[in-house]
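Below is one structure, written out as structure tokens; the observations come after it.
The values are calculated or read from the model by the stated rules, or taken from the named source; none is laboratory data. Since the model is a prediction, treat every value here as computed from it, not as a measurement. We place every Cβ from the backbone using ideal geometry, glycine too, and count neighbours over all the protein chains shown.
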């Protein structure tokens, strides 16, 4: 159980004048769902540098600052009290470095035992409340929502938070800046796999790709290697369906918009679409299972 009801927690932490709130929905990168190398809570640089001014430097690579975090929503967790670290990955700005990263993340939550690294919490509304003590050390309290009621309570204070967005809130500045596209496209507001016409390989517009090609694209967009095989399979099937529909829309919309002079033409077109969907449904599972078995060394 949480240390207190969410309403009391909000009242306690919003009444303090020096408290700075950072509220977002956990992305796939945050929780490790996507299997990428960027695991850890992404924090926009303006907020991070306000909280941790010492890391706003290019004099050394990847400056960092430790701080104490209490996860009040999950006090029974073995890692509810953690010494976490804010790291500025600054390779893009450091002379002589060839890296491309220029972002701040909070890491070392304690692995999968932490609600921050639980892939099932992807998209969960999360609030981190920071304050600096008299010793200058930053401390933080956090709440990872587990219900719609908890999310409604927090959004009642800071306003609606869509996936891929975040807000800074404080009593002195209750209408804080809204930050968008937080995850740099890896976990956008649109579902993973949904592509615009420009993002689809040109050759796929006129010649529908094979099932294996679509599955290969699925794995490229969603590695998901941090998930167990069953969850990985389910999520990849969802991503693959988004890709399939994106290609289908891009390749068929011109024909649909142009219309049909004969009813038989319409039936022929509709039948080809349905047959392609049936073929995809029949082969998709086999392709995915084969790929995952290979990843598991089987």
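How about the range 87-118: which of its residues are under 19 Å from residue 53 (Cα atoms) and touching a helix residue (DSSP H, G or I) at 6+ places or on another chain (Cβ under 6 Å)?
Answer for the range 87-118, where residues must be under 19 Å from residue 53 (Cα atoms) and touching a helix residue (DSSP H, G or I) at 6+ places or on another chain (Cβ under 6 Å): 88, 104.
Filter the range 68-88 for residues that are surrounded by fewer than 19 Cβ atoms within 10 Å (Cβ to Cβ) and in contact with a strand residue (DSSP E or B) (Cβ under 7 Å, 6 or more places away or on another chain) and give the result.
The answer is 68, 70, 77, 81, 83, 85.
For the range 274-293, name all the residues that are surrounded by 12 or more Cβ atoms within 10 Å (Cβ to Cβ) and more than 28 Å from residue 228 (Cα to Cα).
Correct list: 276 only.
Which one of these is surrounded by 12 or more Cβ atoms within 10 Å (Cβ to Cβ) and either in contact (Cβ under 8 Å) with a residue 12 or more places away in the chain or under 22 Å from residue 193 (Cβ atoms) (or both): 265, 220, 248, 296?
Every option except 248 fails the conditions.
Give the range 1-50 a look and list any residue that's in contact (Cβ under 8 Å) with a residue 24 or more places away in the chain, loosely packed, with under 15 Cβ neighbours inside 10 Å and in a loop (DSSP other than H, G, I, E, B), or say none.
Listed by number, the residues that qualify are 1, 4, 15, 16, 17, 18.
Take the conditions in contact with a helix residue (DSSP H, G or I) (Cβ under 7 Å, 6 or more places away or on another chain), closer than 23 Å to residue 14 by Cβ and assigned to a strand (DSSP E or B) and apply them to residue 130. Does it pass?
Yes: the conditions hold for residue 130.
When you scan the range 224-245, how many residues do you find that are crowded, with 19+ Cβ neighbours inside 10 Å and free of Cβ contacts under 8 Å to residues at least 24 places away in the same chain?
The number of residues fulfilling the criteria is 0.
Of the numbered conditions (1) out of contact with any helix residue (DSSP H, G or I) (no Cβ under 7 Å at 6 or more places or on another chain); (2) at pLDDT 85 or above; (3) outside any loop (DSSP other than H, G, I, E, B), residue 257 fails exactly one; give the number of that condition.
With respect to (1) out of contact with any helix residue (DSSP H, G or I) (no Cβ under 7 Å at 6 or more places or on another chain); (2) at pLDDT 85 or above; (3) outside any loop (DSSP other than H, G, I, E, B), residue 257 is out only on (2).
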